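Student: Before I ask anything, let me first share the structure, which is written out below as structure tokens.
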Amino acid sequence: MPKIAEIEGTPNPNAKKFILKEPLTWGISRSYDNAEQAQDDPLAARLFAIDHVTNVFYVDHWITVTQDGEAQWPELLRKLAEPIREAPSAEIQSQQQYGTTTFMADVEAMTPEEQARFERINELLDEQVRPYLQGDGGDLYVVGLKGNTLEVHYQGACGSCPSSISGTLAGIEGLVRSIEPDIEVIAV
């Protein structure tokens with residue numbers, strides 16, 4: 001459940017932006033102009049059930065809610081905070097939808113040599129790649145190591161960023177080749 005870190009005003013006096021400590025999505029934006037559009041989205045549907053809400057937009061670590069101008073913000077903010085805090089985080093949603101193995105390598109199925117290679121690569125990524133991706137609102141999971149092919153999956157802002165598939169991927173491959181000269185890195 002995402003905790004609210006901060007609430008900011010926007011240039012629109014009828015909209016407030018909630019900055020969250022955990023992402024609601026990984027790079028997928030959701031935008032709704034009415035309750036009918038939001039009926040298949042539990043969070044947005046709960047927000048539209050609150051009087052005066054006219055628009056809900058969210059992606060990653062923030063959500064913006066717009067009202068009709070008839071509500072007083074202090075009271076409305078208290079009502080909005082409850083469903084936002086109770087919404088499942090992107091991590092929980094992924095585990096529920098895909099299970100934990102989708103974005104994690106099956107280390108137990110690897111040979112001891114493959115496990116050692118996998119651990120070295122993950123340590124390198126932990127030290128030199130993930131902090132930068134996380135600073136930009138994303139992350140990277142190693143999905144598998146099959147022979148000389150390392151499969152990675154981008155999360156968060158990185159999942160929809162065009163540079164992830166080109167420049168960042170080439171940079172990661174160059175870095176990993178410093179310890180595994182024949183490796184190829186692919187995004188899945």
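Student: If only one of G159, G167, G171 is over 15 Å from the mean Cα position of the chain (by Cα) and either modelled with pLDDT under 85 or in the same structural domain as T25 (by TED's automatic domain parsing) (or both), which one is it?
Tutor: Exactly one residue qualifies, and that residue is G167.
Student: While we're on this one: Residues A5, A87: which one is of a type in the set (G, A, S), within 20 Å of the chain's Cα centre (by Cα), surrounded by fewer than 19 Cβ atoms within 10 Å (Cβ to Cβ) and within 29 Å of Y154 (Cα to Cα)?
Tutor: From the options A5, A87, the qualifying one is A5.
Student: Related question: Please verify whether N14 is crowded, with 16+ Cβ neighbours inside 10 Å and either at pLDDT 90 or above or not assigned by TED's automatic domain parsing to the domain that holds A87 (or both), treating the condition exactly as stated.
Tutor: yes
Student: Looking at Y141 and the list (1) at pLDDT 85 or above; (2) not assigned by TED's automatic domain parsing to the domain that holds F48, which single condition is not satisfied?
Tutor: Y141 satisfies every listed condition except (1).
Student: With respect to the numbered conditions (1) part of a helix (DSSP H, G or I); (2) modelled with pLDDT of 90 or more; (3) buried (at least 19 other Cβ atoms within 10 Å of the Cβ), which one is the sole condition not fulfilled by V56?
Tutor: Every listed condition holds for V56 apart from (1).
Student: Ok, one more. Of the residues V176, V185, V152, which single one is under 18 Å from E114 (Cβ atoms), at pLDDT below 90 and either more than 20 Å from the chain's Cα centre (by Cα) or of a type in the set (A, V, I, L, M, F, W, C) (or both)?
Tutor: One residue alone meets the criteria, V152.
The values are calculated or read from the model by the stated rules, or taken from the named source; none is laboratory data. Since the structure is predicted, the reported quantities are computational estimates derived from the model, not experimental observations. All Cβ positions, glycine included, derive from the backbone under ideal geometry; neighbour counts span all protein chains shown.
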